[in-house]
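Presented below is the structure to which this report refers.
The values are calculated or read from the model by the stated rules, or taken from the named source; none is laboratory data. Please read these numbers as outputs of a predicted model, since none were measured by experiment. So basically every Cβ, Gly included, is an ideal-geometry build from the backbone, and we count neighbours across all protein chains shown. We work out accessible area using only protein heavy atoms, side chains counted, and drop any ligands, DNA or RNA first. Shrake-Rupley method; radii C 1.70, N 1.55, O 1.52, S 1.80 Å.
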Amino acid sequence: GMQHFFDGTWKWGTAKLVYKHKKWFLHISMTKEYPELDLTKVNHMVGIDLGINFLATTYDNQSQTRFYPGRTMKQKRGQYKVLRKQLQMRQTPSARKRLKEIGSRENRYVTDVNHQVTKALVETYPKGTLFVIENLKGVRSATEKVCVRHRYVSV
């Protein structure tokens, strides 16, 4: 299933051997040059602002704004943060096992919600739409405060 990478248009980078979940994986970085975007084929432009209170806010060239709420995901992440704190304080083997389980569960949940938002964006706008996304450099260092039991914690 990787034949299309051997057509000569891809440039191979360095490889890294990774041991994860009791299996070995070989990660190989690859790059491909794409031609400049032909603006004559673009018939619709949409700007996307990503955030935590609203996962995505879009504004298109027809002056329509759409909001994709993120409050439920924000609350769920706050709940997982409190649960992780409680389990880490116990320091028992069963608590460590449960920490692994809820960590992967939270990651799957967040990935699924982000995928749903992306799918909704692609299905909403017609073919030939140019999506412009904000510069996300340094976004991981930014924190958002979540109210948990009358106090705020960072997520």
Discussion item. Can you go through L26, L55, L50, L39 and tell me which one is of a type outside the set (G, A, S) and modelled with pLDDT of 90 or more?
Written reply: L26
Practice prompt. Just need a number here: residues in segment 109-126 that are modelled with pLDDT under 90 and exposed (fewer than 10 other Cβ atoms within 10 Å of the Cβ).
Written response: 1
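Of all residues being of a type in the set (K, R) and open to solvent by 70 Å² or more (accessible area, probe 1.4 Å) in segment 54-75, which is nearest to the chain's Cα centre (by Cα)? Just the residue, please.
First pass over segment 54-75, keeping only residues of a type in the set (K, R): 66, 71, 74.
So of that shortlist, the ones also open to solvent by 70 Å² or more (accessible area, probe 1.4 Å) come out as 66, 71.
Numbers: R66: 19, R71: 16 Å.
Per the criteria, the residue is R71.
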Worksheet entry | Tally of residues being open to solvent by 70 Å² or more (accessible area, probe 1.4 Å) and not charged (D, E, K, R) across segment 76-96 | 7
Worksheet item: Which one is most open to solvent (accessible area, probe 1.4 Å) among residues in segment 1-44 that are aliphatic (A, V, I, L, M) and under 30 Å from D60 (Cβ atoms)?
Response: L39
Practice prompt. Give segment 81-123 a look and list any residue that's hydroxyl-bearing (S, T, Y) and over 25 Å from D49 (Cβ atoms), or say none.
Written response: T92, S94, S104
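On the given criteria, is T58 polar (S, T, N, Q) and closer than 24 Å to K137 by Cα? Don't jump to the end; show me each part of the working.
Numbers: polar (S, T, N, Q): yes; closer than 24 Å to K137 by Cα: yes.
Considered against the rule, which asks whether it is polar (S, T, N, Q) and closer than 24 Å to K137 by Cα, T58 comes out as yes.
Restrict the check to segment 58-70 and report whether at least one residue is β-branched (V, I, T) and more than 20 Å from T124 (Cβ to Cβ).
Here is the first cut: in segment 58-70, the residues β-branched (V, I, T) are 58, 65.
Those still in the list that are more than 20 Å from T124 (Cβ to Cβ) too: none.
Checked segment 58-70: no residue is β-branched (V, I, T) and more than 20 Å from T124 (Cβ to Cβ).
Out of G103, G47, G51, I need the residue that is in contact with a Phe, Trp or Tyr (Cβ under 6 Å, 6 or more places away or on another chain) and open to solvent by less than 60 Å² (accessible area, probe 1.4 Å). Which one?
Details: G103 fails: in contact with a Phe, Trp or Tyr (Cβ under 6 Å, 6 or more places away or on another chain); G51 fails: in contact with a Phe, Trp or Tyr (Cβ under 6 Å, 6 or more places away or on another chain).
Only one candidate passes the filter, namely G47.
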Fill in: Pair list, Cβ under 8 Å, 6 or more apart: segment 29-44 residue charged (D, E, K, R), other residue in a loop (DSSP other than H, G, I, E, B)
K32/T9; E33/T9; K41/G128
